[in-house]
Each structure stands twice: as structure tokens, then as C-alpha cells.
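See below for the structure under consideration.
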Amino acid sequence: MQAQDFIPQSKLGTIDTGKVAWQSPSNIALVKYWGKKENQIPANPSISFTLNNCKTTTSLECTRKKDSENKGDFFDFEFYFEGKKKEDFKPKIYTFFERIEKYCPYLKEYKFTIHSKNSFPHSSGIASSASGMSALALSIVSIEKELNPTMSDAHFYRKASFLARLGSGSACRSIQGKLVVWGEHAEIEGSSNLYGVEYPNEVHQVFENYQDTILLVDKGEKKVSSSVGHDLMHNHPFAEERFKQAHRNLTALRAIFSSGNLNEFIEIVENEALTLHAMMMSSNPYFILMKPNTLEIINKIWAFREATGLPICFTLDAGANVHVLYPEKNKIEIFQFIENELLTYCDKNQFISDSVGFGSIRL
Ligand code: PMV
């Protein structure tokens, strides 16, 4: 498929009013997306576990503008976050509407009211852009489906992922499926740079309900945003090798997902997390998002793994928080270790218990 396939082909109907609501999860990448080309095309393929508990719920109400109202000029919407009107969130949504207008030509014909809330604390350092942008994209495509009831389910979900990508790259991996691939990879059939697809191959049952305990090391605003970080991959001295490595790591994961070899899984996942941060530390300008406690936790995890042989590992996103990953069958002993030895490194001992989920749901 190509981007223009997401421009509505048939004449769309109209509705006077509409209301839809979606709940959409966050995701945690195993092979990381870091670096992009124009129009939010990823520089390398990535794959993520969809989460189950970190979610955004978004409702979208629309009213058709009257003929006397100026339809063509601007996007007309109000945005409420956790019940409160949020003017400061509007520019981001306005930019999103501008990016998707070509694919959603009906946007300026309606007035929208958007209500959004997260299942996790806003100031937890957990990025809400994946869950937030995917929930909004799904809501917009739901309105489009009312204008074009013949839209197939396959096109619906693909378009939601395509639009979510234009809001925040990794958001395209939050639509459908437990393991989602985004970005073309030679050995993953159907993979695309334009949208996320559910990982199509065999997955060993050890990955079923895989656990992710998110340790909230630092709840402050990130010093460097993801978009600045992605940009710094242009002219990065190690970029080309990094992009090749992501392809190789995804090839390796393909075999690991089928065999269930957790030692190999751990090696790839930790290598990806540390490479992501190594890219930040070696860009120009360089920066560090890990905190001393991030490293304390990593060292404790390594020592515990060495001592017990249990398949615990970590990954990181673009921040200081640590995602601790482990199979469900080892939950009791690993969680006890987390409680006894790791929570002390978290801001006010805070953490989020999560596990692999299946994607968004319409409410
Ligand atoms: O979706 P963005 O632009 O916020 O980038 C997210 C990048 C990482 O979370 C660091 C990696 C990933 O693949 O999710």
C-alpha cells in the first residue's frame, strides 16, 4: 500500500452529529525505532509488546458546521484532559490535524470535542503519546466510517495505524495485536513503513502474558524530546550501522519468538535498550536520559540473573524509567526481588505492573 491509498476514494456522506470513544494502550519496543525520514518514515524497523494497563481513553464528539460557519479555514476543536480544558495541548493536536488533513478531508467540516484520560499518572514519565495518539486516530477513523460505512475492518485498522504514526511514530504500534512490527523488514511479510502490523509468525507460549513492571525512576519532564532525538540521528556517525543492526536484531528475534529461547531474547532486548541510549550519548549534541538509579537497577538485575538463572531482563524507552520484563511463570519470585531490591531506586517507590495486552478497544 502507498500513502495515497489512505485518501478516501469514494464520495463521503455527512452526519449532523457523532460520538465515538476508544481505549488504546501504550507499547514497549523490543527493537527500537530511533531515527526517521521525512513524513514519519522510520529509519529502521521496530517491534513492540503491546501493554495492557497503561492506556488512554479518548472520546470524540463532532457536530457538522452550519453553512453560515466558515468551513474551510481552520480546525475547530476543544480538548479536555481528565475533565479539564487544556489549551496548552491544542497546538500538538492542531499540528496532527494538519498532517492528516490530506487523508481526512472532512476534518474542517466539523467541530470536535475531545475528552481524554490516562490510566497512569500524567507525570509518571510514561510517554502518553503512543496511547494518546492511537486513541485519537481510532476515534477519527470511526467518524470516517460513519461517513463511509463500506470501509472494511482491515482498512479501518490500517488507516488508524497510519494516522497514529503521523501523530507519534510509535503510536502506530498500539492499534491491534500483542506483538506489533512497524517498518519494512525483508523477512516479515506484510511489514510496512506506513503502519504497524501484528507480528505474523509463530510466537512461543513463554511470551504469552509476558510481564512488564515499569519502575518509575524519574517522573520529571524529559530534558530532550523524542523528536529532537530522532533528528540527531541525521549525520550521526554510527547511524547507518545502527539501522543495519536493528534489521539483524529483528531477524534474530524472529527465530527466538519461535523457539522461546529466553537467553537469546534477553541478549537482544538489553542490547537494543543500551544501543538506543548509546545513540543519544554519541550524537551531536550528546545527552543522557538515564539517571544514576537507572544504572543501579540494571546492575541489580544483572546480579540477580547471574545468581538465580531466572530470565529477567530490562529495557528502556527514551527516559530514565526501567521496564523489567519476565515470563508470567516466574512472576512470584521475580516480583519479590523487585519489591525487595529495586523499588528503593524508584521515585517514592512507585511502579506500574503491566503485561502484554492485545490492543485497542472501542467503548
Ligand atoms: O514515537 P516517538 O517519536 O515518541 O519515538 C519513540 C521512540 C522510542 O520509544 C525510544 C523507541 C520506540 O520504538 O518506541
Report yes if S191 is open to solvent by less than 30 Å² (accessible area, probe 1.4 Å) and part of a helix (DSSP H, G or I), otherwise no.
no
In segment 85-106, anything of a type in the set (K, R) and part of a helix (DSSP H, G or I) is listed as K90, K92, R99, K102
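A quick yes/no check of all residues on (1) touching a helix residue (DSSP H, G or I) at 6+ places or on another chain (Cβ under 9 Å); (2) under 18 Å from R362 (Cα atoms):
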position: K145; (1), (2): yes, yes
position: H155; (1), (2): yes, yes
position: R158; (1), (2): yes, yes
position: L166; (1), (2): yes, no
position: A186; (1), (2): yes, no
position: G190; (1), (2): no, no
position: G196; (1), (2): yes, no
position: Y199; (1), (2): yes, no
position: H204; (1), (2): yes, no
Please enumerate the residues belonging to segment 40-54 that are of a type outside the set (V, I, T), part of a strand (DSSP E or B) and within 16 Å of the ligand (Cβ to nearest atom).
P42, S46, S48, F49, L51, C54
Given the options T275, T251, name the one that is assigned to a helix (DSSP H, G or I), hydroxyl-bearing (S, T, Y) and either within 27 Å of I126 (Cβ to Cβ) or not assigned by TED's automatic domain parsing to the domain that holds F304 (or both).
T275
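Go through segment 11-39 and count every residue that is more than 8 Å from the ligand (Cβ to nearest atom) and outside any loop (DSSP other than H, G, I, E, B). Steps first, answer last, please.
So the first thing to find is which residues in segment 11-39 are more than 8 Å from the ligand (Cβ to nearest atom), and the list is 11-26, 30, 35, 37-39.
Add one more test, that the residue is outside any loop (DSSP other than H, G, I, E, B), and what stays is 17-26, 30, 37-39.
Here the count works out to 14.
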Out of contact with any Cys (no Cβ under 9 Å at 6 or more places or on another chain), at pLDDT 90 or above, outside any helix (DSSP H, G or I) and polar (S, T, N, Q) - does that describe any residue in segment 62-84?
yes
Out of segment 117-170, which residues are in a helix (DSSP H, G or I), open to solvent by 30 Å² or more (accessible area, probe 1.4 Å) and of a type outside the set (S, T, Y)?
H122, K145, E146, D153, A154, H155, R158
What's the total number of residues in segment 309-321 that are open to solvent by 10 Å² or more (accessible area, probe 1.4 Å) and away from the ligand (no atom under 16 Å from the Cβ)?
3
So which pairs qualify, if the first residue must be in segment 74-97 and in contact (Cβ under 8 Å) with a residue 24 or more places away in the chain, the second must be basic (K, R), the Cβ gap must be under 6 Å, and the two must be at least 6 apart or on different chains?
D76/K111; F79/K86; F79/K90; E82/K117
Look through segment 96-129, keep the residues that are aliphatic (A, V, I, L, M) and at pLDDT below 95, and return whichever of them is farthest from the ligand (Cβ to nearest atom).
I126
I'd like to check something: does segment 234-246 contain any residue that is open to solvent by less than 10 Å² (accessible area, probe 1.4 Å) and under 28 Å from V141 (Cβ atoms)?
no
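Would you be able to tell me the number of residues in segment 322-342 that are open to solvent by less than 20 Å² (accessible area, probe 1.4 Å) and either modelled with pLDDT under 95 or more than 16 Å from the ligand (Cβ to nearest atom) (or both)?
Residues of segment 322-342 that are open to solvent by less than 20 Å² (accessible area, probe 1.4 Å), as a first pass: 322-327, 330, 334, 337-338, 342.
Now narrow it down to the ones that are either modelled with pLDDT under 95 or more than 16 Å from the ligand (Cβ to nearest atom) (or both): 324, 326-327, 330, 334, 337-338, 342.
Residues meeting the conditions: 8.
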From the options V181, V217, residue that is farther than 18 Å from S128 by Cβ and surrounded by 21 or more Cβ atoms within 10 Å (Cβ to Cβ)
V181
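The values are calculated or read from the model by the stated rules, or taken from the named source; none is laboratory data. Note that the coordinates shown come from a computational prediction; the quantities given were computed from them, not determined experimentally. Cβ sites come from the backbone with ideal geometry, for glycine too, and all protein chains shown count toward neighbours. What goes into the accessible areas is simple: the full protein's heavy atoms, side chains included, and nothing from ligands, DNA or RNA. Shrake-Rupley method; radii C 1.70, N 1.55, O 1.52, S 1.80 Å.
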